[in-house]
Amino acid sequence: KTTPNGAATILVADGDRLARGFSRDLLRSAGLHVRVAGTGPEVLRSVLREPPDLLLLDVRLPELHGLAVCEQVRASGDGHHLPIILVTEPGNKAEMVKGFEAGADDFVLKPVDREEFQRAVLAARRYRSVLEERTRAQRELEGFRAGLKHLQQVLEQERRERASQIQKVHQVSLRTLESLPTGVLVLDRDMRIGEINPAVEKILGV
């Protein structure tokens, strides 16, 4: 996604040719690599073909509204963590709310102010980096939980096998004890009878 010299790639999507050119020049002056798109379908094709590092998306795009583009980008596998900044007219709060619901990370208002624009770009990239890190951590945690569950299953299986082996040994011992002609009496520390074979029963008459 980044250029050979390490510069981030920004996709500027604006239906207004002059506004598109202004944003492109503004970003290039900051040392960023810029691609442009003039319609909603163009944006989707560009994101799917080669996801940028950030999408600067005008709400009033021709052919497909910017909010619909934002939703479709978010729904795509490559666009899940793509930082998206919407560009809209000032005073349209309802559109901003819909934009956040569609998956936008931030807004800038027309006419674009250089400092505000750069702040929004940096904030959106930081926000998406945090999301990506959290997603990685969640995947690692899920992997750890799956590994722990597998280990528990293995240990439980081993425990059952050992218990089965002990039971078999005990049964063999009992059969051996019962078949001995010599009387055998097993007492515990409190002198309580733990095991007794038929020979002892015969000797004691019990």
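Okay, here's what the table says:
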read-out: Å³ per residue enclosed by the Cα convex hull of the stretch 1-104; value: 89
read-out: Cα lying deepest toward the dipole's positive end in the chain, options ALA19, GLN72, LEU109, charges on Cβ; value: GLN72
read-out: Pair LYS93, VAL184: separation of 7 Å Cα→Cβ label points (nm); value: 8.9
read-out: Rounded to the nearest 20 debye, dipole of the chain from Cβ charges on Lys, Arg, Asp, Glu; value: 340
read-out: Viscosity 0.692 mPa s, 37 °C: Kirkwood-radius Stokes-Einstein D of the chain over Cα pairs, µm²/s; value: 147
read-out: 20 °C / 1.002 mPa s Stokes-Einstein diffusion coefficient of the stretch 143-206, Kirkwood radius on C-alpha pairs, µm²/s; value: 145
read-out: DSSP-defined antiparallel bridges as percent of all bridges, the chain, nearest 5; value: 15
read-out: Apportionment of accessible area to carbon and sulfur, the stretch 38-111, percent (1.4 Å); value: 56
read-out: Shape of the stretch 26-79, Cα gyration tensor, a/c cut at 1.5; value: oblate
read-out: Distance in nm between pseudo-label sites at GLU156 and LEU174 (7 Å out along the Cβ direction from Cα); value: 2.7
read-out: Extension gain (nm, one decimal) between LYS110 and ARG17, 0.36 nm per residue minus Cα-Cα; value: 32.1 nm
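The values are calculated or read from the model by the stated rules, or taken from the named source; none is laboratory data. None of these values were measured; they are calculated from a predicted model. Please note: Cβ atoms are built from the backbone with ideal geometry, for glycine as well, and neighbour counts cover all protein chains shown. Areas reflect the complete protein model, heavy atoms only, side chains present, ligands, DNA and RNA absent. Shrake-Rupley method; radii C 1.70, N 1.55, O 1.52, S 1.80 Å.
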